[in-house]
Amino acid sequence: MATNNQIDVLVYGLGAIGSFYAFILSRSPRVRLSVIARSNYEPVKAHGIVMNSENHGQHVVRPFRGKSRQSRLPEESLRLEHMVSPIAVFRSAAEANMKFDYIICTHKAIAQDAVPAQLAPVADEETTTFVIIQNGVGNEDPFRARFPKTTIISCVTWTGGVQPEPGRFAQIKSEDMQVGLFPNEAADHLVEKRRLDEFASLLTQGKTVFQVVPNIQVQRWEKVVWNAAWNSLTTLTLLDTHSWLDSSADATPLTRRLMKEVIDVAKKCNVPIEYELIDRLIAKIRALPPIGSSMQNDYKAGKPMEVDIILGTPFKKGREMGVPTPTLETIYLILAGVNLRLMKESQL
């Protein structure tokens, strides 16, 4: 845990989003950064995270215990404006042998129920704060079940980026995030607010775009309306967003029905979002260049997809509460079957 005003931060999941927020948090002089990397462990351990950002420039976050190394990668021709040395790179939480003040969860939300137990060795229920930066709804529930006293900060990011090869991250101009507390009636509200304020101060020092919001579930459900449509439909069709919408006269009405059903469930969960969101999201996607989706990319790569957290949770909540979701049900069940095959092939 932190001493002398330092804050121990662990980033769990070092894909594109995890790499970006590892960089952002590393900019605070108070942060002692550690990361858990899995498929990209070897290049990150050897060379660090190489980031090329349209907003923040070119940087390297280097994994190294002790004094910072300022050497440039032998093959690297870019000018490094910022170099950071995380205190450690781990393959798993069990290797860390310490507790952290903040655990930043940026892993793909697959088999989410198993993750809190995996992170238990590095979490102190009284002093650790979990920060969940993921797609989907219901992401916080397994953490609350495992850590009933722990502060949970929930985040919705609209930051665009890719990891073209392990350890290398490219961020496009899109950058925004909403941040808020996942309520805990049993907790000390002043402590929860202090931890939220402290995390917000780290983001401010990192010079990223974000807003603290009073009810983060509004933003979570708004984004899941977006993801439920574009992730699923681009994956099932293997088309980009514009090609899908232009594929037939019925494509846009089906998309609108899917979005409406997710909003129906959100409203039944007492999340105050309105149906005019559908018009805004359709207009927003039309204003963007044609795009695929992260789910489509995972499918093409033969990787498990975030089907349950994006589609399954709204469908199951709707079924529990008697909300009809025929379009959502059909798309979810088909994608769940496809995902089962991918998970078996990946041995997950």
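The values are calculated or read from the model by the stated rules, or taken from the named source; none is laboratory data. What you are looking at is a predicted structure, and each value in this text was computed from that prediction instead of being measured. So basically every Cβ, Gly included, is an ideal-geometry build from the backbone, and we count neighbours across all protein chains shown. Surface areas here come from the heavy atoms of the whole protein model, side chains and all, with no ligands, DNA or RNA. Shrake-Rupley method; radii C 1.70, N 1.55, O 1.52, S 1.80 Å.
Let me see the P(r) profile for the chain: every Cα-Cα distance counted, bins of 10 Å, each bin given as a percent of all pairs.
Going from the shortest bin to the longest, the percentages are 5, 25, 34, 25, 10, 1, 0.
What do you reckon, how do ILE291, ILE132 stack up by accessible area (1.4 Å probe), largest on top?
ILE291, ILE132
What FRET efficiency do you get for VAL191 and ALA283 if R0 is 56 Å and r is their Cβ-Cβ distance, rounded to the nearest 0.05? Could the numbers behind the result be given before it?
On the way: r = 41 Å, r/R0 = 0.74.
In this case the efficiency is close to 0.85.
With just the Cα atoms defining each centre, how far is the range 91-107 from the range 303-343? Give it in Å.
30
Looking at the chain, what % of its DSSP beta bridges pair antiparallel, to the nearest 5?
30
To the nearest µm²/s, what D does Stokes-Einstein give for the range 286-328 at 10 °C and 1.306 mPa s, using the Kirkwood radius over alpha carbon pairs as Rh?
128
Based on the mean of other Cβ atoms within 10 Å per residue, sort peptides 200-212, 12-24 so the most packed one is first.
Top of the packing list down: 12-24, 200-212.
Accessible area per residue of the chain at 1.4 Å probe, in Å²?
44
Scan the range 220-294 for chymotrypsin sites (Phe, Trp or Tyr not before Pro) in coil per DSSP, keeping those whose Cβ has at most 16 other Cβ atoms within 10 Å, and list them by number.
Here the chymotrypsin sites (Phe, Trp or Tyr not before Pro) that fit, given the DSSP loop and packing criteria, are TYR275.
Report Rg/Rh for the range 203-348, rounded to two decimals, where Rg is the Cα radius of gyration and Rh the Kirkwood radius.
Numbers: Rg = 15.8 Å, Rh = 16.1 Å.
Across the range 203-348, the Cα-based Rg/Rh ratio is 0.98.
Considering Cα pairs under 8 angstrom that are at least six residues apart, work out the relative contact order of the chain and quote it in whole percent.
In percent, rounded to a whole number, it is 15.
So what's the back-of-envelope 222 nm ellipticity for the chain, counting only DSSP H runs of four-plus at -39500 (n - 2.57) apiece and dividing by all residues, rounded to 500?
Computed mean residue ellipticity for the chain: -12500 deg cm²/dmol.
Which angle from 0 to 90°, rounded to the nearest 10, does the C-alpha axis of helix 216-237 make with the longest principal axis of the chain?
Roughly 70 degrees, rounded to the nearest 10.
Taking only Cα atoms, what is the 0 to 90° angle, nearest 10, from helix 189-205's long axis to the longest principal axis of the chain?
80
Rounded to the nearest 10 degrees, what's the angle between the helix 16-26 long axis and the longest principal axis of the chain, both from Cα atoms, 0 to 90?
40
Could you tell me what percent of the accessible area of the chain is made up of carbon and sulfur, with a 1.4 Å probe and every protein chain present?
Here it works out to 53 percent.
What's the longest uninterrupted piece of the chain once you rule out the GluC sites (Glu not before Pro) that are loop residues per DSSP with at most 14 other Cβ within 10 Å?
Looking at the chain, 186-273 is the longest stretch - no exposed GluC sites (Glu not before Pro) with at most 14 other Cβ atoms within 10 Å.
Please work out how much accessible surface ARG91 shows to a 1.4 Å probe, ignoring ligands, DNA and RNA, in Å² rounded to 10.
Roughly 110 Å² of ARG91 is accessible to a 1.4 Å probe.
Need the C-alpha centroid separation for the range 142-195 versus the range 244-299, integer Å.
23
Under 21 Å from the Cα of LYS303, which lysines turn up, not counting those fewer than eight places away in the same chain?
Straight-distance partners of LYS303: LYS108, LYS344.
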